[in-house]
Amino acid sequence: MTTIVCEMKSSHIDEARLFLAEHFNKHEPLLQTPGIQLPKASPDPKRREYHESVIRQGCSLIVVDQSNDDRIVGVAYAGVLNASELEQNWLELSEKRRTQPMEHIEYFLCNIKRNARLFQQYGVTDALYLKMIAVDSSMRRQGLGRRLVTALIDVGRTKGFPLLVATCTGLYSTRLMASLGMECVHSEDYVAFKDEDGNVVLKPPAPHTKASVMALKL
């Protein structure tokens, strides 16, 4: 088997979407909350347009297996994180009444980035944000995740980003990012995040107890 890391293109979006549905959605700690309905593999047209706009930024990466018709075996979906856009997104989400698990997850992930105060702490207005990373479940523990993040660091430096940021929702992704030199800027325990009735809404399986915003100066 021969694998290489390369830039994700718009032509990869359909295969990458199916790959993430199988190898990210089914393993992401927050999506293992009991009773949650996993996101559909086929997004609506507006969501697809958004994904294509992110991919066109030229920061997302894939690992392909050249010995198997360039099949995707790893994805690092990344794009620009802007201070003003983050604040606007938070304002919009904070005004909505949340009743569904996915709405709580969306707000939690936006809120933890805002609470990390990344832009104030590092004195920047933009950062490269790793939105999702996934490796084929049959090919884990072979260093593909490390290769993707290492390549993404190079992409960030080449494009002039001052900072690489990731929100790690599980213990293993946190350990991976820390091993590559990223520091924990802010973390929040899942048991502390409750709905308006005081109920804990995010219940990922052990050993995942908190989310951590990780950052690396580039």
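The values are calculated or read from the model by the stated rules, or taken from the named source; none is laboratory data. All of these numbers come straight from a predicted model, not from anything done at the bench. So basically every Cβ, Gly included, is an ideal-geometry build from the backbone, and we count neighbours across all protein chains shown. In case anyone asks, the SASA skips ligands and DNA or RNA and just uses the protein heavy atoms, side chains included. Shrake-Rupley method; radii C 1.70, N 1.55, O 1.52, S 1.80 Å.
Each Lys and Arg contributes +1 and each Asp and Glu -1, all at the Cβ; summed about the Cα centre of the stretch 1-121, the dipole is approximately 400 debye. Sequentially through the stretch 179-190, phi angles give Karplus couplings (6.51, -1.76, 1.60; θ = phi - 60°) of 5, 9, x, 7, 10, 7, 8, 6, 9, 9, 6, 5 Hz, Gly and Pro residues having no value and appearing as x. Maximal additional length on extending the GLN66-ASP189 stretch stands at 40.2 nm, based on 0.36 nm per residue less the C-alpha distance.
Which whole-number percentage describes the relative contact order of the chain, with Cα contacts under 8 Å and a sequence gap of 6 or more?
Details: 358 pairs, mean separation 50.7, N = 218.
Averaging sequence separation for qualifying contacts and normalising by length gives 23 percent for the chain.
How far is the Cα center of the stretch 1-56 from the Cα center of the stretch 126-175, in Å? Cα centroid of the stretch 1-56 versus Cα centroid of the stretch 126-175: 15 Å apart.
Where does the stretch 1-51 land on Rg/Rh, using Cα atoms and the Kirkwood Rh?
Values: Rg = 13.2 Å, Rh = 12.7 Å.
Taking Rg over the Kirkwood Rh, I get 1.04.
With a Förster radius of 35 Å applied to the C-beta separation of THR150 and GLN88, the computed FRET efficiency comes to 0.65. With the helix formula -39500 (n - 2.57) applied to DSSP H stretches of n ≥ 4, the chain reaches a computed 222 nm mean residue ellipticity of -11000 deg cm²/dmol. The heavy atoms of ILE4 present about 60 square angstrom of accessible area, all protein chains included, probe 1.4 Å.
Out of the stretch 129-214, which trypsin sites (Lys or Arg not before Pro) are coil in DSSP terms and have no more than 16 other C-beta atoms within 10 Å? Don't skip to the answer; put the middle values down first.
Working: sites: LYS131, ARG140, ARG141, ARG146, ARG147, ARG157, LYS159, ARG175, LYS194, LYS210; in loops: ARG140, ARG141, LYS159.
Sparse-neighbourhood loop trypsin sites (Lys or Arg not before Pro): ARG140, ARG141, LYS159.
Checking every one of the GluC sites (Glu not before Pro) in the stretch 46-143 against DSSP loop status and a limit of 10 other Cβ atoms within 10 Å picks out GLU95. The GluC sites (Glu not before Pro) of the stretch 125-218 that meet both conditions, a loop assignment by DSSP and at most 14 other Cβ atoms within 10 Å of the site Cβ, are GLU196.
Annotation: amide H-H contacts under 5 Å for LEU163 (H modelled 1.01 Å from N, sequence separation of 5 or more, or interchain): LEU128, LEU218.
Summarising the amide proton neighbourhood of VAL73: residues at separation of 5 or more, or on other chains, whose placed amide H is nearer than 5 Å comprise VAL63, VAL64, ASP65. Rounded to the nearest Hz, the phi-derived 3J(HN,Hα) couplings of the stretch 84-90 under the Karplus curve 6.51 cos²θ - 1.76 cosθ + 1.60 (θ = phi - 60°) are 5, 5, 4, 5, 5, 4, 4, where x marks glycine and proline. In this simple spin-label approximation, GLU22 and ALA178 carry label points 7 Å from Cα along the Cα→Cβ vector, and these lie 3.2 nm apart.
Once semi-axes √(5λ) of the Cα gyration tensor in Å is calculated for the structure shown, the corresponding label among [x] 26, 21, 18; [y] 38, 22, 20; [z] 94, 18, 8 turns out to be [x].
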